[in-house]
Amino acid sequence: MDEWLMPGIPRTIAEDPDMETVRRIRASITKDTGQVVESDMLEPCPFCGGRPWIQVHELDETCVEARVVCSGCHVSTVRECQSWRVSYKGDDLTRTLAIGRAISLWNRRTERTCHYVGDEVSGGCSECRGWLDPACSYCPSCGARVVSDDDRR
């Protein structure tokens, strides 16, 4: 299978829908208000650890765009646009594909990590050298996830 951004989603999903992937995306949706979608497939925010959500806009009859936004720090992905209607056996997949593309883009990013260096008085982030509380999960200056030296190996 030609893997796309997320394992299990083929690059050609719009041309040849993988209905199992479509079912996985739909099953992952825990809340859908029309413009706001929550999915349990989304990884936490790499900057603040916040819970992300998906913003969906149906632009016209042929185009649906979606992007992921962090509820904590409001960082977001670019808008992923599904620019043509895709249906399979009478089922319109367009919105689901746009949501899947946004999830794929969000989950694909590389998480930056750092570790605490120095002592409790003058210690800080190994990446940005900013002040860092040893108990923090994320650096307040650069957003990197704080890991122990053992985790980095």
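What follows draws every value from the coordinates through simple rules; no lab data is involved. Small disclaimer: the values here were computed from a predicted structure and weren't measured. For neighbour counting, all protein chains shown are included, and Cβ atoms are generated from backbone atoms with ideal geometry for every residue, glycine included.
I need the calculated FRET efficiency for the pair Asp40 and Asp91, taking r as the beta carbon distance and R₀ as 22 Å, to the nearest 0.05.
Working: r = 22 Å, r/R0 = 1.00.
Efficiency for this residue pair is about 0.50.
Just rank Tyr138, Tyr88, Tyr116, fewest to most, by other beta-carbon atoms within 10 angstrom. Walk me through the numbers before you get to the answer.
Working: Tyr138 24, Tyr88 12, Tyr116 20.
Ascending Cβ contact count within 10 Å gives the list Tyr88, Tyr116, Tyr138.
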